[in-house]
Amino acid sequence: MGLPLRCLAVSFISLLLSSFSFSAQLKQEAPPATPILGFSPLHAAAEHQLESTFQSIPSPEKAREWHRTFTAEPHPAASDRNNQLADFVAGEWRKQGWEDVTLRRYDVLHSRPRNVSLEMTAPVQFTASLREDAYDADPDTKNPAVSGAYFGYSASGDVTAEVIYAHSGSPEDYDLLRKNGISVKGKIVLVRYTNPYSYRGFKALTAEREGAAALLIYSDPADDGYTHGKVFPDGPWGPESHIQRGAITYDYIVPGDPTTPGWASVPGAKHIAPEEARSLPKIVALPLSWRDAKPLLENMNGPEAPKDWQGAMPISYRFTGTVKAHVKVDMDTSMQPYTVVEARLRGSELPDEWVLLGNHRDAWVFGGVDPSSGTASMMELTRSLGELKQRGIRPRRTIVVCSWDGEEYALTGSTEWGEQFADDLKKKLVAYLNVDESVAGAATTAGPEGLRFSPSAVASLAPMLVEASKDVRAPSGKSLYEAWRATAMRDSKASTPPFDSALVETRIGSGSDHTVFLNHLGRPVINLGFIGDYGVYHSMYDDHYWMTHIGDPAFEYHVALTRIWGLVALRLANSDTPPFDFGFNGTALEQFLREFEQKNKVEQQRLRLKRLHARIAEFEKAGDLLRNAVARDLLSGSPSPEKIQRLNERLLQVESNWLDPAGIPGRPWFQHLLYSSRYTYAHLEFPGLTEAVEKQDWKLAAEQAVLLEKAVKKNTRLLKSAQSSWEKNKP
Ligand SMILES: [Zn+2]
């Protein structure tokens, strides 16, 4: 019998409450449900029931099917296949019962190769293949649609010059070359990807500033190849011809469409000229496999480079030699449509508070790990939440889900979407839960403890994430929480497990779609994923074969990720009061500040941080008191909806108060005073203060410290007013 949807779709809380009270009558002495942060005991009991229903839905077989669909063909941004997948996602979400399914189109400056080549012209002739080898074991590697080597947003150009090896391409590497009397002006610089790792867009900007004419970045076997273990197709590491594609955009300055920095690329929007775009590189650049880089390196005959510059090829790595090369890069840089797919499950009680889930759809090639592992986990999540809704169980708050586009180019889809809906998001967004790669590691080589769960989160949400992990089972058979502790111990070679609070990485860099929400809009974010052995990043071998034979053959990590992602989303969506812990947030800030002082050895007479320490201590105390008062009242009674509403409004305001509308010095788009990323994508806490001190600009540093003091003070005041209003109005 068909009932109107509106009648069926009552709130899950009221639905489960009725069954709860019914069973409570039958069994008077039923043990109290395990508490959940932010829930009253009654609602926690209902939530536990709902969560066990939810957790029974995702299936490894379905996750495998999704994975196959998304990895069947290469699907970079702006390709026909990626656009077809947008329609596919929209269609599936409609079938799953999601509401307001919408395709958002953004016309943005895109970049793709027309013609790319590299030849060595002296001392011997050699033409780089710029291609990856096919293997019989994996028919996908024979797909003619696979691209060769290229970098998104490389400049076009034709360069013939001497080749110089510059190690990792960091500023200190060029300093060492200079000390050895070597200038890279007008030369072709060859660098490796890792040692230490830095985002390729940082290597590009550094080479550009050094005056190099072209940049080649190759994957040394020491970084992600045979040094670590078996290579594809026998193991997780990169074979000789694997190429790490990628973009080299300067999106650490401003992400998104380079021609609309800070505003959305919607119809009618103003676009600046590409020449004016701060995020567009001006250098010609190409990625190389180590097989293509080897002839260049082994034909050098100049001075030998130091020990830590040596890679794992059986040659001696030299600074220079008589090697000359000809690099030609012809890019088609033109406006193309990107599509963000958006859908929601409207909240039954608080429709104007949103919990946002997201994953990017575009891949450099097949995207076995990046991002289609995340996409498979997301599609299982939307299927499971859709099924709950079909059974009449709606979240209290609205859950929004997005399939982003062009993440690989400049975090473009999420940035444009975030900029378009900035006003709504600032008011309504409780948190953004990002999953880029859900399984970036090989279960087959991970050992008995399995892959490591490796989330990052703003500190205020770290405790709720740890709590949720106790209710999910890991593929090893332990709870996700136990498995997390065990793998953290294993990987850090520690003899005791870390404290719960140290499990979550609360330092957040850039490099994925959380960036606009945290750094530009001041909303709390969480990133989730499993990690382990993985050496085929952004290569053709990052595909379905890799995942089904090496990465996650049973697809149980995909499902574990769906479960923890869903649990966190449901708890944020259904809680009486969002489970922020600002006491712990304060603890983390104090730790960040101490690390900053130790690292920079700041002298008292240069910069006084005593006041900032004191403000943080006050914030921490106010956070602890508020958290305890709310928990006490939730446990002992049922505070009125009005009282809870007043509290929630204030809690949602805290993250916004960390924003400075002027932005951090030199990067106005990045407005968060606590979090930003370095140009390498590495995390950067207190960005304005830290960068000022690193430049020894003491006046600016003092100003930045005052800004921080003011923001912390404002939030302490907010927490205190939340507490006094909470305690004044009983219930
Ligand atoms: Zn990705």
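The numbers here are math on the coordinates, done by the rules we state, and not lab data. In this text the structure is predicted, and so the values were computed from the model without any measurement. FYI the Cβ positions are ideal-geometry reconstructions off the backbone, even for glycines, and counts take in every protein chain you see.
Observations
- Centre separation in Å (Cα based) which lies between the range 201-238 and the range 578-639: 40 Å
- The P(r) of the range 537-668 has a tail past 20 Å containing 68 percent of all C-alpha pairs.
- The C-alpha atoms of the chain define a longest principal axis, and helix 372-390 lies at about 20 degrees to it.
- Cβ charges +1 (Lys, Arg) and -1 (Asp, Glu), total dipole of the range 496-640, debye: 880 debye
- Rg [Å, one decimal], Dmax [Å, integer] - the range 271-375, C-alpha atoms: 23.2, 72
- Annotation for the range 644-731: trypsin sites (Lys or Arg not before Pro) lying in DSSP loop with at most 13 further Cβ atoms inside 10 Å of their Cβ are Lys695.
- Calculated mean residue ellipticity at 222 nm for the chain: -12000 deg cm²/dmol, from DSSP H runs with n ≥ 4 weighted as -39500 (n - 2.57), summed, divided by the residue count and rounded to 500.
- Exposed GluC sites (Glu not before Pro) absent - longest run of the chain, DSSP non-H/G/I/E/B, at most 13 other C-beta within 10 Å: 30-602
- Cα-based equivalent ellipsoid, the range 191-246: semi-axes from gyration tensor eigenvalues, Å: 26, 10, 8
- Whole-percent P(r), the chain, all Cα pairs, 10 Å bins from 0: 3, 14, 24, 26, 19, 9, 3, 1, 0.
- Placing unit charges on the Cβ atoms only, positive for Lys and Arg and negative for Asp and Glu, gives the chain a dipole magnitude near 2020 debye about its Cα centre.
- The DSSP beta bridges internal to the chain are antiparallel in roughly 55% of cases.
- Sorting 576-582, 135-141 by average packing, meaning the other beta carbons within 10 Å per residue, from highest down gives 576-582, 135-141.
- Restricting the range 267-349 to trypsin sites (Lys or Arg not before Pro) in coil, as DSSP defines it, with at most 14 other Cβ within 10 Å: Lys270, Arg278, Lys282
- Gyration tensor (alpha-carbon) shape descriptor, the range 180-273, a/c threshold 1.5: oblate
- Principal axis extents of the C-alpha atoms in the range 97-229 (largest first, rounded to whole Å): 66, 38, 33.
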